[in-house]
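Okay, structure first, notes after.
Values in this text are rule-based calculations from the coordinates and carry no lab data. None of the values given here were measured: they were computed from a predicted structure. Note that each Cβ is placed from the backbone with ideal geometry, even for glycine, and that neighbours are counted across all protein chains shown.
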């Protein structure tokens, strides 16, 4: 599917076919696309929990305002981020770079995040957001639909998925087969209100 | 361009053609795509500063480790978020919904963000990340390249673009015509290391 078509036809779907299952090949194709999303310094700080087990999905639904998408989707992808990713064998993130460039980057990565603990969490949110959109567009391109979700108890979800220390939950993306087309967009702001040229108006 | 092709061929480019300029129609096409990205409750909290003025780009470069992309790109898009978006005529975000649904959503939006000030900033990072990836994929689909950038002094950039109170800078995206193809990916982690099934391993 054309990229612009996927961008415009990606909509947040509330009603998924609860009987639909993805093949393992489709799951791999979606997740392989998601991890081509950029991360700062290539630290690849996202972590994904692909939930297909129905009992696990239901547990998230139970701590997510009972939203049907959590359990009726085919894949519930919990998008997380590891605040410590920058420091885990950092060299491998630049293994293919010329040695000198690689060493310089590794040093920059360590210095920057060592000195900026709060930047590690921000990086998880940024990287996770970029990967979430990649996943949703890839799903659309395969003929499926999705729903980005943050309305659930993150602390409870951490327990349900055994979230490791130093990891943050960013959001979830429900992916599946839509039972009915999306409603019209809720109310789109005009471009001129959200896009400014060169600076914000004073 | 096919969506999966755009996802795999989007790479962070360091060297842009400094003489290339986008047409106004292209700029509008890119930004119109970016604002089709999802936001929580459709609050459309992203704000974009599209910098084409060369002096403005240079100012960001001056507070961004002198990285050439800041001034050699054709468009430098500063992606921001408005923490107060949720509370600005909230009804319009659901103007097209049935009246009862719209009223319920407006009430939920206000209650949630009123009670969770820190969630307003997180939402900016998530929404901004999703929009950044949309912009980069749209640019790729038009035959251009991009570079996501967060290595600059956000506080100084806020002054340069006249960032309003209650707004956060999320990141920047440089967009332009690449002077040379991207190098091989720096060192991609295997899928099995970043994707888990149902829960993290214990």
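Of note:
- Computed [θ] at 222 nm, deg cm²/dmol, chain A (DSSP H ≥ 4; -39,500 (n - 2.57); rounded to nearest 500): -12500 deg cm²/dmol
- Placing a label point 7 Å from Cα along the Cα-to-Cβ direction at residue A:8 gives distances to the equivalent points in the other copies of 2.6 nm, listed shortest first.
- Shape call, the stretch B:121-198: gyration tensor on alpha carbons, a/c limit 1.5: oblate
- Crossing angle, helix B:24-34 versus chain B [Cα axis fit, 0-90 degrees, rounded to tens]: 50 degrees
- For residues of A:42-50, the mean tally of beta carbons on other chains within 10 Å: 4
- Listed by Cβ neighbour count within 10 Å, with the fewest neighbours leading, A:144, A:112 appear as A:112, A:144.
- Angle between chain A longest axis and helix A:99-115 axis [Cα atoms, degrees, rounded to 10]: 70 degrees
- In the stretch A:1-43, the inverse of the mean reciprocal separation of distinct Cα atoms equals 13.2 Å; this is its Kirkwood hydrodynamic radius.
- Global form of the stretch B:88-169, assessed from the alpha-carbon gyration tensor, a/c cut-off 1.5: oblate
- Per-residue mean of foreign Cβ neighbours for B:164-170 is 1 (Cβ atoms of other chains, 10 Å radius).
- Copy A relates to copy B by a rotation, and the A residue whose beta-carbon is nearest that axis, with the distance in whole angstrom, is A:129, 1.
- Using the alpha carbons alone, the radius of gyration of the protein assembly as shown stands to its Kirkwood radius in an Rg to Rh ratio of 0.94.
- Pairwise alpha-carbon distances in the stretch B:43-108 exceed 17 Å for 56% of all pairs.
- Helix A:117-141 and the long axis of chain A differ in direction by around 40°, with both axes built from C-alpha atoms.
- Peptide A:103-110 is shielded by partner chain Cβ atoms: per residue, an average of 0 of them sit within 10 Å of its Cβ.
- Reduced Cα scattering model of chain A, Debye log10 I(q)/I(0), q = 0.10, 0.17 Å⁻¹: -0.50, -1.17
- For the stretch A:1-73 versus the stretch B:121-199, the gap between their alpha-carbon centres in whole angstrom: 20 Å
- Highest average first, the peptides A:33-46, A:182-195, A:58-71 ordered by how many other beta carbon atoms sit within 10 Å of their residues are A:33-46, A:58-71, A:182-195.
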